[in-house]
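The values are calculated or read from the model by the stated rules, or taken from the named source; none is laboratory data. Keep in mind that this is a model prediction, so the values were computed, not measured. Methodologically, a virtual Cβ is constructed for each residue, glycine included, from the backbone with ideal geometry; neighbour enumeration extends over all protein chains shown. The protein model used for the area step is the full one, side chains on, heavy atoms only, and it has no ligands, DNA or RNA in it. Shrake-Rupley method; radii C 1.70, N 1.55, O 1.52, S 1.80 Å.
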Amino acid sequence: MDPIRQRLLKKSRQAKLEKRGRLIGLLCISLIVLVVVAIFYFVASRGLATFYHDKVNLWDFLTKQVWNPGTKDSHGVPAVGALPMIVGSFLVTIFAALVATPFAIGAAIFMTEISPRRGMRILKPVTELLVGIPSVVYGFIGLTVVVPVIRRLFGGTGFGILAGTCVLFVMILPTVTSMSVDALKAVPRYYRDASAALGATRWQTIYKVVLRAAMPGLLTAIVFGMARAFGEALAVQMVIGNAALMPHNLVSPAATLTSVLTLGIGNTIMGSLENNALWSLALILLLMSLVFNLVIRWIGRKGAVKS
Amino acid sequence: MAAAPIITSRDVHLYYGKHEALKGIDLDFNPQQITALIGPSGSGKSTYLRLLNRMNDLIPNIKITGDIRLYQQDIYASDMDIVQLRKEVGMVFQQPHPFPFSIYDNVVYGLRLAGIKDRAVLDQAVETSLKAAAVWTETKDILHESALALSGGQRQRVCIARVLAVKPAVILLDEPTSALDPISSSKIEQMLVDLKKDYTIIMVTHNLQQAARASDKTAFFLDGQLVELNDTVNFFTAPAKKESEDYISGRFG
Ligand SMILES: Nc1ncnc2c1ncn2[C@@H]1O[C@H](COP(=O)(O)OP(=O)(O)O)[C@@H](O)[C@H]1O
Ligand SMILES: [Mg+2]
């Protein structure tokens, strides 16, 4: 064999490294996929047991309003109506997102458009700091500050959806803000220039071009914040009052999927109906986080097509 | 062309911090003419062009001295309305990037800013502007689709239509064809020549042939100074300055 051919056929060190690297990467990915699948399988098998093992009707589970897995009604069907928690979870999530969105976008506009230098110097470290605070601290502040204030203003115990909303609002604000900042920063400079050159004031440029061009990113930020709010357990549990009742107003004790889960899971026996019912709640949570994920991806893809 | 100049500038200096990017520019522009600004990159062409509709205002640490007038009105006077100025002096950029909206929304952007909502007026403006920008036939059936789906040359012409819709007196173009293929470039060049009967056009270009073909006057910038302003024919056949001759014969830049 002539030497050139030989040299071409001999595997180079780089090629071998490349191959080994790809193998390691593949292994890591497989492991992650395995873990995710295992989690889904575990939660689903437990969560579905409520329905096929304990014979609870899925529709009843989603729409009945009495949550008391220990007791059975006259037909011998356990009282596992998850609607109060589902409603509670959605209410705190939606309210928190509704309140946080204008603040977050306002702050993001200030940091990127109005005063980038000062904004970045002050707001950026602040948001990063806030993201790092553990949720128990938020819950504790909620318990000692927010709840008493609500009690004084509206009477009652102070615990409830409103207190949960306040705490979640503060918790998701930094995340939503910094993601909104990234979304606004990603709007190319030439859009701003072109708008100004067409006679737009800075404010017109912001709301007619920058916000519109950043819309997919902003929506992603909001949905991300909602996903975080939906899944937050500890802080909410500390201020919501933990009564699995339909919330009739914003200042009466209520519950969320997560708060019922964290409170209950240690006090039930594996395999019992009480335990299975909690796993069913966990399954709802898991499916919802999947939905949030899909929404984010969907928005991302729509945005990608547009620009 | 004995018409009075529409824009005059006298002894214009511009400093980016300590760096003097323009070192005393005297330059006038006549209506219904295309003036080409040429010169090596970094010579201050864009900087000068952006002065004419005050696009430099927001740059930090910038210092501008001298006198620039539009219709004899000092555009850097304290009571000058920038929004009005930019409606009179439109600008087209190098990158052919319409807004991420529909073609229609792009073209009427400036009109909507001015508060015009009448559908008939907007429709009419869209048609006239796209026609003037020579992109009507390609777009008339897809007006409500995203402008980003068009080709580069078509997008740049939509950007030009977007400026024309506001009915400016002056159009500034900063290397409008340098991101485009030769065929799209020559279409835009031809369109500019057709437009000049209604507008004052000032165009930065790095393409000497383009300057020679399309412009009436050529202004040669070098290192922050205006070396020569001449009728284009004279500039390219018998330049008055040694530097100009060196530049057009490719000896530097
Ligand atoms: N925003 C800016 N800040 C500081 N210096 C700048 C800025 N823009 C341009 N310059 C400098 O000013 C000089 C002229 O630039 P420019 O007007 O862009 O030249 P041209 O368009 O002829 O290539 C260059 O030296 C450039 O580095
Ligand atoms: Mg330039």
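Couple of notes before you dig in:
- Among the residues of the stretch A:256-307, the ones that are of a type in the set (F, W, Y), surrounded by 15 or more Cβ atoms within 10 Å (Cβ to Cβ) and over 19 Å from A:T93 (Cα atoms) come to 1 in all.
- Test result for B:D57, at the interface with chain A (Cβ under 10 Å from one of its Cβ atoms) and closer than 30 Å to B:K140 by Cα: no
- Residue that is nearest to ligand 2 (Cβ to nearest atom) [pool: residues in the stretch B:175-195 that are outside any helix (DSSP H, G or I) and open to solvent by less than 20 Å² (accessible area, probe 1.4 Å)]: B:P176
- Scanning the stretch B:12-46 for residues that are within 14 Å of the chain's Cα centre (by Cα), within 8 Å of ligand 1 (Cβ to nearest atom) and either within 14 Å of chain A (Cβ to nearest Cβ) or over 16 Å from B:L229 (Cβ atoms) (or both) yields a count of 1.
- For the stretch B:203-252, filtering for residues that are open to solvent by 50 Å² or more (accessible area, probe 1.4 Å), at positive phi and within 16 Å of ligand 1 (Cβ to nearest atom) leaves 1.
- Test result for A:I161, more than 29 Å from A:L211 (Cβ to Cβ), at pLDDT 90 or above, touching a strand residue (DSSP E or B) at 6+ places or on another chain (Cβ under 6 Å) and buried (at least 21 other Cβ atoms within 10 Å of the Cβ): yes
- Within the stretch B:113-131, the set of residues being open to solvent by 40 Å² or more (accessible area, probe 1.4 Å) and within 21 Å of the chain's Cα centre (by Cα) comprises B:T128, B:K131.
- Entry remark, the stretch A:5-22: residues being at pLDDT 85 or above and either touching a helix residue (DSSP H, G or I) at 6+ places or on another chain (Cβ under 9 Å) or open to solvent by 100 Å² or more (accessible area, probe 1.4 Å) (or both) number 5 in total.
- If you go through the stretch A:70-102 and pick out every residue that is exposed (fewer than 14 other Cβ atoms within 10 Å of the Cβ) and part of a loop (DSSP other than H, G, I, E, B), you end up with 4.
- Among the residues of the stretch A:103-153, the one identified as acidic (D, E) and open to solvent by 40 Å² or more (accessible area, probe 1.4 Å) is A:E128.
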